[in-house]
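**Student:** To start, I am sharing the structure in question, which I have written as C-alpha cells.
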Amino acid sequence: MKILLVYPEFTDTFWSFKHALPFVQKKATTPPLGLLTVAALLPSGWEKRLIDMNVTALKQRDLEWADYVFVSAMVAQRDSTIRVIERCHAAGVKIVAGGPLFLNEHASFPLVDHFVLNEGEVTLPLFLHDLATGQPQRMYTSELHADMHLSPTPLWSLADLGSYSSMPIQYSRGCPFDCDFCNITAMLGRKPRTKSAAQIINELDGLYALGWRQGVFFVDDNFIGKRRELKEEILPALIAWRKGKRGFGFQTEASIDLADDPELMAQMVEAGFDTVFVGIETPDEDSLSECNKRQNAGRDLVECVKSMQRAGLQVQGGFIVGFDSDKPSIFQRQIDFIQRSGIVTAMVGLLQAPFGTKLYKRLASEGRVDETWTGDNVDGTSNVHSIMDPALLKEGYQHILRSIYNPRAYYERVRTFLREYRPGTAVRPVPMWSYLTAWLRSIVVLGVRGKERAEYWRLWFWTLLHRPRLFPQAITFAIYGYHFRRVCELHVLGATG
C-alpha cells in the first residue's frame with residue numbers, strides 16, 4: 001500500500017513567521033506532528049511519503065503514485081484543503097481525512113472517502129481493521145481519549161528537517177482549566193494525559209540521530225497540567241539527557257500559575273526551556289470572570305509575567321478583545337499592559353467562538369454567532385456578534401495593532417524585556433551559518449531599507465552596551481517584529497484601511 005500524507009498550506013498568519021523565516025533560510029516553523037504520528041500508526045510495511053505544502057508543492061506524479069491520500073488540516077488551512085481534495089478526486093485517488101478542520105465541518109467535504117476523526121490512536125486502528133477486511137466505513141469517530149503511553153514516536157524520517165526552524169513534540173493532551181472560548185477541553189478533555197519520560201527521551205533521541213540540534217517546541221496546550229510528574233520524572237529526565245549536548249532549547253505553553261512555582265520554573269530552565277506561551281487574554285477582571293479564566297483572576301498579571309522573565313523564561317502572550325464585559329477603555333488598557341509587561345510576542349485577536357465550546361453554545365442560543373470562522377485568531381475577523389458597536393470594536397482592535405507593532409513601541413518593549421530577562425545557562429547554542437546570514441540580512445532589510453532602521457540601530461547599540469550576552473536575542477526580536485508588522489499591515493490594517 002502506498003500512502004501519501006498531505007499537509008495543506010497555511011495562509012500568512014501571526015504564527016506562520018512567513019516574513020521572518022527567509023532570514024534563517026527556512027520554509028516553515030514545524031513539520032506536521034499529527035501526520036507524522038499517523039504515519040507511525042500505519043503498518044510498517046506500507047510505503048509512506050509526506051508532502052507538507054508549506055515546504056514543497058504537491059505534484060501530479062505524487063497523486064499518481066498513491067493508493068490513498070491522508071489529509072490532516074486545521075481550520076486556518078481550509079482553502080488549501082479544498083483545493084487538495086479536489087485534485088485528489090480528479091486524480092481518482094481515495095482520500096482519508098482527519099484533524100480539527102474536519103471534526104466539525106466534515107459535511108462540507110463530500111468528496112472525502114473516509115473521515116478518521118478525534119484522536120488517531122483511537123480511531124485509526126478501527127479504519128485499518130475495516131480496510132483490511134474490505135469493508136471500510138465513511139466515518140470513524142470516538143468520544144474516548146487516547147492512552148498517551150500507547151502513542152508512537154512520530155516518523156521524523158519522512159520530513160525534510162532542514163526546511164524547518166523547530167521540531168514539535170507532544171508530552172500531554174488536555175487541560176485542567178475550562179476557559180469557555182477554548183476548544184481544547186471540548187476536543188481533548190480536562191484531565192491531562194501524558195507520555196512517559198522514556199517516550200519523550202526516545203523521541204528526542206530520534207531527532208538527535210537525524211542530526212537535529214535546534215529548538216524543540218512542546219506543543220502541549222498546558223505543559224504544567226501534571227506538576228508532580230513534571231518535577232519528579234519528566235524534567236529530571238530532560239536535564240540528564242541534555243548533559244553534554246548543544247542546542248535543543250525548549251519552548252512550550254503554560255498557564256499563568258506557573259509564576260506561583262519558583263521551583264518548577266527553575267527546573268524548567270535547567271532542563272533547557274527558555275520560552276512559554278501564556279494565555280493572558282485581558283487585564284479586565286470582569287472579562288476574565290465572563291470567560292471563566294479563573295486562573296488569571298485576582299492577580300498582578302504584570303508581576304506574574306516579570307517573575308517568569310526573571311526566572312529565565314521569555315513569555316509570549318495571547319490577548320483577546322471583544323468580550324461582552326469589555327468597555328471602550330479596554331483597547332488602551334491592553335496596549336498599556338503589553339508595553340509594561342515586556343511581552344514582545346503579543347498575539348492580540350478578536351474573540352472567536354469555535355464550534356463545540358461553551359462560548360459557542362451560549363452565543364448560539366442567543367443568536368449571536370456565525371457557524372464558520374477562519375481559524376486565524378489575528379486576522380481581524382470574528383464569528384461573534386459583539387455587544388460593543390462593531391465599528392468601535394474594529395477601530396479599537398486596529399488601534400492596538402498599530403500601537404504595539406509600531407517600530408518605536410515594539411523596540412521599546414524589546415528593551416523592557418531585555419532589562420528584566422535573566423537567561424539560564426543550560427542551552428549551549430550550536431554555531432550555524434544560518435544565524436550569521438540572518439544577522440547580515442537583518443542589517444540590510446531592517447537597518448538600511450526598513451522603516452524601523454532608526455530603532456533597529458538604537459536597539460543594536462543599547463544591547464551591546466547594556467546586555468551584550470542577549471545580542472542574538474535582540475536581533476531575533478527585530479526580525480520577529482518585521483514579520484508581525486507585515487502581517488498586521490497586509491491582513492488587518494492594510495486590508496481595512
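**Student:** Name every residue in region 206-216 that is farther than 23 Å from residue 278 by Cα and touching a residue at least 24 places away in the same chain (Cβ under 8 Å), in order of residue number.
**Tutor:** Within region 206-216, 206, 207, 208, 210, 211, 212, 213 meet the criteria.
**Student:** Determine, yes or no, whether residue 309 is under 24 Å from the mean Cα position of the chain (by Cα) and free of Cβ contacts under 8 Å to residues at least 40 places away in the same chain.
**Tutor:** no
**Student:** Taking only pairs six or more apart or across chains, which ones have beta-carbon atoms under 6 Å, a first residue in region 339-365 that is under 21 Å from residue 480 (Cα atoms), and a second residue that is at pLDDT below 95?
**Tutor:** Close Cβ pairs satisfying both conditions: 347/14; 347/378; 349/377; 349/378.
**Student:** Return the pair list, or none, for Cβ contacts closer than 9 Å from residues in region 248-264 that are at positive phi to residues that are part of a loop (DSSP other than H, G, I, E, B), at least 6 apart or on different chains.
**Tutor:** 248/212; 248/213; 248/214; 248/272; 248/427; 248/430
Yes/no per residue for (1) assigned by TED's automatic domain parsing to the domain that holds residue 398; (2) in contact (Cβ under 8 Å) with a residue 60 or more places away in the chain; (3) among the basic types (Lys, Arg):
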site: 438; (1), (2), (3): no, yes, no
site: 449; (1), (2), (3): no, no, yes
site: 460; (1), (2), (3): no, no, no
site: 466; (1), (2), (3): no, no, no
site: 476; (1), (2), (3): no, no, no
site: 483; (1), (2), (3): no, yes, no
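**Student:** From 125, 136, 152, grab the single residue that is in contact with a Ser or Thr (Cβ under 7 Å, 6 or more places away or on another chain) and not aromatic (Phe, Trp, Tyr).
**Tutor:** The conditions single out 152.
**Student:** Could you list, in sequence order, all residues of region 35-50 that are surrounded by fewer than 22 Cβ atoms within 10 Å (Cβ to Cβ) and either closer than 17 Å to residue 76 by Cβ or in contact with a helix residue (DSSP H, G or I) (Cβ under 6 Å, 6 or more places away or on another chain) (or both)?
**Tutor:** Of everything in region 35-50, just one residue is surrounded by fewer than 22 Cβ atoms within 10 Å (Cβ to Cβ) and either closer than 17 Å to residue 76 by Cβ or in contact with a helix residue (DSSP H, G or I) (Cβ under 6 Å, 6 or more places away or on another chain) (or both), namely 41.
**Student:** Could you say whether any residue in region 428-442 is at pLDDT 95 or above and surrounded by 15 or more Cβ atoms within 10 Å (Cβ to Cβ)?
**Tutor:** Yes - at least one qualifying residue is present in region 428-442.
**Student:** Quick check, is residue 219 closer than 28 Å to residue 350 by Cβ, touching a residue at least 60 places away in the same chain (Cβ under 8 Å) and either polar (S, T, N, Q) or out of contact with any Cys (no Cβ under 9 Å at 6 or more places or on another chain) (or both)?
**Tutor:** yes
**Student:** Restricting to region 138-169, what's the tally of residues that are in a loop (DSSP other than H, G, I, E, B) and either hydrophobic (A, V, I, L, M, F, W, C) or over 30 Å from residue 476 (Cα atoms) (or both)?
**Tutor:** So the count comes out to 13.
**Student:** Kindly indicate whether any position in region 85-96 is surrounded by 17 or more Cβ atoms within 10 Å (Cβ to Cβ) and touching a Gly at 6+ places or on another chain (Cβ under 9 Å).
**Tutor:** no
**Student:** For residue 326, work out the one condition from (1) acidic (Asp, Glu); (2) touching a residue at least 60 places away in the same chain (Cβ under 8 Å); (3) surrounded by fewer than 20 Cβ atoms within 10 Å (Cβ to Cβ) it doesn't fulfil.
**Tutor:** (3)
**Student:** Further question on the same structure: Among the residues of region 268-291, which ones are crowded, with 17+ Cβ neighbours inside 10 Å and within 24 Å of residue 328 (Cβ to Cβ)?
**Tutor:** Answer for region 268-291, where residues must be crowded, with 17+ Cβ neighbours inside 10 Å and within 24 Å of residue 328 (Cβ to Cβ): 279, 280, 281, 282, 283, 284, 287, 288, 290, 291.
**Student:** Follow-up question, since we're still on this one. In region 100-123, which residues are out of contact with any strand residue (DSSP E or B) (no Cβ under 8 Å at 6 or more places or on another chain) and farther than 22 Å from residue 357 by Cβ?
**Tutor:** 110, 121, listed by residue number.
**Student:** Determine, yes or no, whether residue 411 is assigned to a helix (DSSP H, G or I) and either under 23 Å from the mean Cα position of the chain (by Cα) or not assigned by TED's automatic domain parsing to the domain that holds residue 323 (or both).
**Tutor:** no
**Student:** How many residues does region 485-497 contain that are within 17 Å of residue 403 (Cβ to Cβ) and either free of Cβ contacts under 8 Å to residues at least 24 places away in the same chain or surrounded by fewer than 19 Cβ atoms within 10 Å (Cβ to Cβ) (or both)?
**Tutor:** Residues meeting the conditions: 6.
**Student:** Can you name the helices (runs of 4 or more DSSP H) wholly within region 1-98 that have at least 1 residues being within 28 Å of the chain's Cα centre (by Cα)?
**Tutor:** Here the list reads 33-41, 78-91.
**Student:** Check 257, 205 and return the single one that is of a type in the set (Asp, Glu), under 30 Å from residue 339 (Cα atoms), assigned by TED's automatic domain parsing to the domain that holds residue 303 and part of a helix (DSSP H, G or I).
**Tutor:** 257
**Student:** Kindly evaluate residue 146 against the criterion of being touching an Asp or Glu at 6+ places or on another chain (Cβ under 8 Å), closer than 17 Å to residue 3 by Cα, of a type outside the set (S, T, N, Q) and not assigned by TED's automatic domain parsing to the domain that holds residue 47.
**Tutor:** The answer is no for residue 146.
The values are calculated or read from the model by the stated rules, or taken from the named source; none is laboratory data. Because the structure is a prediction, the values reported are computed rather than measured. Neighbour counts are summed over all protein chains in view; Cβ atoms, including those assigned to glycine, are modelled from backbone coordinates with ideal geometry.
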